[in-house]
């Protein structure tokens, strides 16, 4: 395992020495800024070992045909095969991958390593995590690598030829700009990798005029008898796919009328939904994206003063959450933490996508990376994967809904790179990232995982074109699993094009309290949505006020 220099104190001391040199040359005004050293030599002859900490599950019995067939180890084998191809170009660079568990567990492992001096060369991360690493000057600004004359974007493995599959111009400007904009320093403290967004998934059979009852029960997937198609009332009319939340809530109310057998007794003895028309899995994402579209302050990294960073404790935000709670009290809108317990021993709540496949949720908001899940068990219906609706003040009964497109949070992990005493490790890490995100590999990642390609050229490959062409396919209930996978994957890839080309992505600012702010908002929303005592407007308002006060104090105290 490669080591960060000694321990944190020694590391910072060394950085100070480097910074003095940088300042003496007039190249940098930040005494702790990462200073890039131009690459010298032939890239293909570079010899070193680098380590990647990620969340890819490793099969105990190794590389077997059975392990490769399933989805559990899909990303691990993708990385394994990619490293093998990488070594054809760079035979002397050994790449080791280490599964550190979930994203939060990776963060904990890195934080421990920062104290002990044991960090990887790069790690799968979220921007909130990187804000902490950057605060102790552990990360690299990747700008110098991107533009290096020998190993930068668009340079071949020999250091002299051109490689258009890795050119900077071809890389998604939306992702690169978003990555840079998150950080106060406006530098590349991390780079994009497995990117996704949010989508609205609907039970298309329910939206059709005939209603899902006409489709019968699952007759195609014999091994999944759990789906029971909800029967619609004879008066049910076709639902139009909404482009705004005002209309979506109206449809949710109508669903309760049209499908009484599903929603008439939809709360269990613990007060959790067993069925709900509309569910937004991530309460945090719901609040952040809604606040962005309604110009409600959330957080900012434009100042180092806490009072100017933590902005969510405001009247407009409270008014929004009060309205969301009213919809929740109507039994129209849920979040994952209001769904029934899928594992009571661990306190896990059921995902809305699982409830959709069981016929007990008709509209769910989840990650595009999970869209293919609907192909697994939806023998009784077909799904449609569409853009999220916009939200504005019309939800309060004033004015007409906006026709502006919605904004969506850019999701999915990035990669952050750690400073090393041995520059060869830093160069090798960059070369691997460049290879990891070239045209072919970015396209293959999309095919294997439904994560978005990072390059425009990837959309022109047969690999991706096959999927985006499939997005227009008409699916039947009895369509094959592979046909559904291709169609749903193609739909989310098309969504990415739509989101990117129209500048619809949200990149929340990151700083040392951004992770705490997100956690506080998630806890606030969960507390409000699971409050079963507040029923009147006054009671709801008072409860929401209290939760905002407590959430703000929690973040400020931290």
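Every number in this text was worked out from the coordinates using simple rules, so none of it is lab data. All figures in this text were calculated on a predicted structure; none of them were measured in a lab. Quick reminder, even Gly has a Cβ in these numbers, built from the backbone with ideal geometry, and neighbours come from all protein chains shown.
Quick look at the numbers
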quantity	calculated
Residue 37 versus residue 150: modelled label distance in nm, points set 7 Å from Cα along the beta carbon direction	1.2 nm
Extension gain, residue 108 back to residue 465 (0.36 nm per residue minus Cα-Cα distance, nm)	124.6 nm
16 Å cut-off, amide nitrogen to a point 7 angstrom out along residue 228 Cα→Cβ, residues in region 342-376	355-361
Distance between modelled label sites at residue 261 and residue 476, nm, 7 Å Cα→Cβ extension	2.5 nm
Residue exposure sequence - 245, 327 - by fewest surrounding Cβ within 10 Å	327, 245
Fewest-first sequence of 136, 510, 555 by Cβ atoms within 10 Å of each Cβ	136, 555, 510
Shape of region 31-135, Cα gyration tensor, a/c cut at 1.5	oblate
Potential extension, residue 306-residue 87 segment - 0.36 nm per residue separation minus Cα distance	74.1 nm
Whole-number percent relative contact order across region 302-364, with pairs defined as alpha carbons under 8 Å at least 6 apart	15 percent
Rounded to 5, the percent of DSSP beta bridges in the chain classed as antiparallel	55 percent
Cβ-Cβ FRET estimate between residue 398 and residue 542, R0 fixed at 25 Å, reported to 0.05	0.60
Extended-chain gain in nm, criterion 0.36 nm per residue less alpha-carbon gap, residue 158 and residue 118	11.2 nm
Contact order relative to length of the chain, as percent, for alpha carbon pairs under 8 angstrom and 6 or more apart	20 percent
For the chain, calculated [θ]222 nm from helices alone, where every DSSP H run of n ≥ 4 adds -39500 (n - 2.57)	-12500 deg cm²/dmol
395, 335 arranged by Cβ crowding within 10 Å, fewest neighbours leading	395, 335
Calculated FRET efficiency for the pair residue 554/residue 181, C-beta based, R₀ 25 Å, to 0.05	0.40
Answer label for Cα extents along the principal axes in Å (calculated), chosen among (1) 76, 53, 45; (2) 85, 49, 41; (3) 85, 64, 44	(1)
